[in-house]
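Chemist: Here's a structure for you.
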Amino acid sequence: MRRHILYRIFCLCKRIVFVCLAGLPIIAPAQKQTALRHRVMFYNVENLFDPFNDPLTRDDEFTPTGLRRWTWSKMEAKINGIYKVIMAVGELDPPVLVGLCEVENGFVLHKLVNDTPLSKLEYRVVHRDSPDPRGIDVALLYRPDRFKVQDCEFVAVVFPDDSARKTREILYVRGMLGRDTLHVFVNHWPSKYSGELETESRRFAAAKTLKRKIDSIRVFYPEARILVMGDLNDEPESAPVVEGLGACERYDPNCPSGLINIAAILKSRGFGSYKHQGTWGIIDQIIISQSLLSRKHGLFTTPQMAAVFESDLLLEPDKQYSGKKPFRTYIGYRYHGGYSDHLPVYIDLLENQP
């Protein structure tokens, strides 16, 4: 049993009470119609660990005596940095939903929402410890004044060729956003650490697992509003994303899956969330159902309402390849003191007001 079991936050999580900010009204000049903005963000926070050794996971390097010399003060500095990023992404109205990956446990999430100025907001957390060998998980923060959780599920990803190998689960949360039901998925697909081709089948397994869950929802709710976000460890045009999940790279009313990859559109506009050997890619993705592109009723969005958050706060000069790169926490095993090796991505969902 993990050291911090008292801090675990599960689907039916404890309530964290505080004052919340009002929604930011957005006015569409042509119709003079008021809409409420709900900002949704995703952020790979690059190894948010506590400094304690968990005997059940491979977290030894993130301890005071481990290879990274990870300490309480470094953890607190990182948590404070993540708080700043969340608030900066929200601008005047903090995000309603915050998807996170590479968090070790409920303890660090508890500190994020309670021991930073985020405690002035009413975020709750959906999380559980995953079977990932390193102990890194996905989680969802949400504002209960705007998003009412109805159900959640931690969907296991099984590798057909190696069922004993464990990886992060896909987090599924269903809730009411305004007057509409929103189906949210938070992902962190298997990495390319052992080689792109050698690991592609694992990302296919994650993609097909996600697709099966989405298809099961659509059996009962064909027009379900679905939002997928996460670090897919692959580009929008990759085979697991296009063939495994079926996400279309541009808006197409005849898209067989009905899933539009907003990240592919962002990439075509020159955005990137992750820089590898001097080249920007966008492995942190937001994918939506076509039903969210309809303005006829309820929640809607457009590709123009999405972006990569490219604040100077999160960037530093790239002395090796020119330009800029993410200001990361570690370079190899050397502590660098930055925020993350990824940039956040976000999208605004608008809700027409009666």
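Chemist: Would you mind putting 100-108, 328-336, 265-273, 210-218 in packing order, based on average other-beta-carbon counts within 10 Å, highest first?
Modeler: Final packing ranking: 100-108, 265-273, 210-218, 328-336.
Chemist: Of the candidates Asp252, Asp341, Asp231, which one comes out as most mobile in a Gaussian network treatment of the chain with C-alpha springs shorter than 10 Å?
Modeler: Asp252
Chemist: Rounded to the nearest Å, what's the spacing between the alpha carbon centres of the stretch 272-327 and the stretch 202-216? Just the number, please.
Modeler: The two parts, judged by their Cα centres, are 23 Å apart.
Chemist: Using Cα positions and a limit of under 17 Å, work out the lysines in reach of Lys111, with same-chain residues fewer than 8 apart set aside.
Modeler: Result set, ordered by chain and number: Lys14, Lys74, Lys78, Lys84, Lys120.
Chemist: For the stretch 5-352, what is the convex hull volume of its Cα atoms per residue in Å³?
Modeler: 138
Chemist: Taking only C-alpha pairs under 8 Å that are 6+ residues apart, what is the relative contact order of the chain in percent?
Modeler: Relative contact order of the chain: 17 percent.
Chemist: What value, in deg cm²/dmol to 500, does the helix sum -39500 (n - 2.57) over DSSP H runs of n ≥ 4 give at 222 nm once divided by the residues of the chain?
Modeler: Calculated mean residue ellipticity at 222 nm is -5500 deg cm²/dmol.
Chemist: Tell me, what ³J(HN,Hα) does each residue in the stretch 279-294 have, in order and in whole Hz, if you take phi through Karplus 6.51 cos²θ - 1.76 cosθ + 1.60 with θ = phi - 60° and put x for Gly and Pro?
Modeler: Whole-Hz 3J(HN,Hα) from phi for the stretch 279-294: 10, 7, x, 9, 7, 8, 10, 10, 10, 10, 7, 4, 4, 6, 8, 8.
No value in this document is a laboratory result; all are computed from the given coordinates. Source: prediction; values computed, not measured. With ideal geometry, Cβ positions are generated from the backbone for all residues, glycine too; neighbour counts draw on all protein chains shown.
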